[in-house]
Amino acid sequence: MQESGVIYTATDATKVTTPEPGMLRQVLAYNPHLMLVRHTFEKGWKGARHSHPHHQMVYVTRGHIRFEAEGNGWEMRAGDSIVVEGGVEHEAAALEASEVLDIFTPYRQEYA
């Protein structure tokens, strides 16, 4: 991570990891206050219910996911977005091969 007023991150300059089966993660631009992450899911992937102190915005760029939080569920498709406050338990599942952009604030130190 570079400490300056502008941080440029080329897509091909960052590594892609597999934190769990069916999911790819690519950390894109970030600073201590904000982080952009690309997640790609195989059809059938289901994430564990979890929470974290970071506020999170999810934007679906491709595919179809189911997102659940606070007893509610949403079927999200390309162009849909949702904001989750820090500390709220949530989970997602890929109903088809999908890609989402996640924005976290502050940044996820464990992802960096």
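Sorting the segments 100-106, 28-34, 6-12 by their mean number of nearby beta carbons within 10 angstrom, highest to lowest, gives 100-106, 28-34, 6-12. With contacts taken as Cα pairs under 8 Å at a separation of at least 6 residues, the chain carries a relative contact order of 31 percent.
All other residues with a Cβ under 9 Å from the Cβ of Val27 taken together, and with Lys, Arg as +1 and Asp, Glu as -1, what is their net charge? Residues close to Val27 contribute a combined charge of +4. Charged neighbours of Met76, selected by a Cβ distance under 14 Å, balance to -4 (K, R count +1; D, E count -1).
Coordinate-derived values only; no laboratory data. The shown structure was predicted, so the numbers you read here are calculated from the model rather than taken from an experiment. When we count neighbours, we look across all protein chains shown, and the Cβ atoms used for this are built from the backbone with ideal geometry, even at glycine.
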